[in-house]
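The values are calculated or read from the model by the stated rules, or taken from the named source; none is laboratory data. Computed from a predicted structure; not experimentally measured. Cβ atoms come from the backbone with ideal geometry, glycine included; neighbour counts cover every protein chain shown. Keep in mind that these areas ignore ligands, DNA and RNA; they rest on the heavy atoms of the full protein, side chains included. Shrake-Rupley method; radii C 1.70, N 1.55, O 1.52, S 1.80 Å.
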Amino acid sequence: GSVVRVEFSRRLRTAVARCNPKRGVIRLSTALLSPGNRPLLSEALTHEAAHLAVHLLHGPNVKPHGNEWRVLMQAVGLEPRLRLRLPDPSAQDARPRVPRPQYEYRCPVCQSTTDVGVVLPDPLSALHRGGTERVDDDHEA
């Protein structure tokens, strides 16, 4: 028989679940473990398991949300929804944002310093413009 591995991941940001039928892996967002999102956990797991079943029954050349997948979803009593949304908005960002480390940049020309939160492709041209400026996380150089 086929082995299916189910994993939970904090890295899922744009979807609540992913399936890799060739590897037999279903990856679910840890946000689904939040009490407000538990009802969606069962649906997300079933949604992804249907992708695996379609792959096993019909091969790799079937559309991910095609008729074969829709029939399986309806057979288990679920609406064949393409996108599953988290009802608990606070759990949408299950992985806490970790601040990027700050680095000090010293201009080799004038020796002035500035803190940078990103690696700049050309620090001299970006920072040495008559002085220095702080580069914040939300600022794009």
Loop only per DSSP, at most 15 neighbouring Cβ atoms within 10 Å: give me the GluC sites (Glu not before Pro) in the stretch 1-57, ordered by residue number. none
Kindly write out, for the stretch 10-27 in residue order, the coupling ³J(HN,Hα) from the Karplus curve 6.51 cos²θ - 1.76 cosθ + 1.60 (θ = phi - 60°), rounded to whole Hz, with x marking Gly and Pro. 7, 7, 5, 10, 9, 9, 7, 7, 9, 10, 10, x, 5, 9, x, 10, 10, 10
Whole-Hz Karplus ³J(HN,Hα) for the stretch 55-66, in order, using 6.51 cos²θ - 1.76 cosθ + 1.60 and θ = phi - 60°, x for Gly and Pro? 4, 5, 7, 10, x, x, 9, 9, 4, x, 10, x
Whole-number Å³ per residue for the convex hull built on Cα positions in the stretch 4-79: 93
Taking all protein chains together and a probe of 1.4 Å, list His47, His58, His65 from the most accessible to the least accessible. His58, His65, His47
Largest to smallest accessible area among Arg83, Arg70, Arg23 [probe 1.4 Å]: Arg23, Arg83, Arg70
